[in-house]
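Notes for the one structure printed next.
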Amino acid sequence: MNRWIRRYREGGWAGLAEQRRGRRPGEQVALTEHQQGELIALVRESTPDQLGLPGFLWTRDAVSELIRQRYGLWLARTTVGGYLRGWGFSPQRPQHRALEQNPTAVRRWLTETYPAIRAQARREGGGVAG
């Protein structure tokens, strides 16, 4: 209560307004600007397996392990998630479509090859799922 009275005396009603709590932006960061720049480049230009880490997609755990190996720092998953958000990365779901998929070949498979296989299976007394 005394704090509120003091804040009112020092700043009037404006002194009682909500104030931001916690650390100021950039205060007590674990990684330097240089380290952050290196990590951003690595995440953008490579995959974890190319850097000797498990997995093929970047996760908070993979980035955390990269930080531990490169800089000897252990950061919590939430801290790594905060860095990733700050760097402009967001959670993504992998595409279920092959990147090398050829639409013409897929269309040919669906209209010609697969029906021929299914017809042959029927003639021979079998079946094909799908």
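The values are calculated or read from the model by the stated rules, or taken from the named source; none is laboratory data. What you are looking at is a predicted structure, and each value in this text was computed from that prediction instead of being measured. For neighbour counting, all protein chains shown are included, and Cβ atoms are generated from backbone atoms with ideal geometry for every residue, glycine included.
Table for the structure above
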item: Candidate set from region 36-56 (those that are outside any loop (DSSP other than H, G, I, E, B) and among the β-branched types (V, I, T)); member that is surrounded by the fewest Cβ atoms within 10 Å (Cβ to Cβ); result: I40
item: Any hit, region 62-69, residues being modelled with pLDDT under 95, in contact with a Leu (Cβ under 9 Å, 6 or more places away or on another chain) and under 30 Å from Q28 (Cβ atoms); result: no
item: Count of region 92-117 residues which are in a helix (DSSP H, G or I) and touching a residue at least 12 places away in the same chain (Cβ under 8 Å); result: 1
item: Qualifying residue in region 100-114 (condition: among the hydroxyl-bearing types (S, T, Y) and closer than 22 Å to G37 by Cα); result: no
item: Positions within region 5-52 being of a type in the set (A, V, I, L, M, F, W, C) and at pLDDT below 80, in sequence order; result: L16
item: Every residue from region 70-89 that is under 12 Å from A30 (Cα atoms), outside any helix (DSSP H, G or I) and not hydrophobic (A, V, I, L, M, F, W, C); result: G72
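Each row is one residue, and each column tells you yes or no for (1) loosely packed, with under 12 Cβ neighbours inside 10 Å; (2) in contact (Cβ under 8 Å) with a residue 12 or more places away in the chain; (3) aromatic (F, W, Y).
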site	(1), (2), (3)
R21	yes, no, no
H34	yes, no, no
R68	no, no, no
L75	no, yes, no
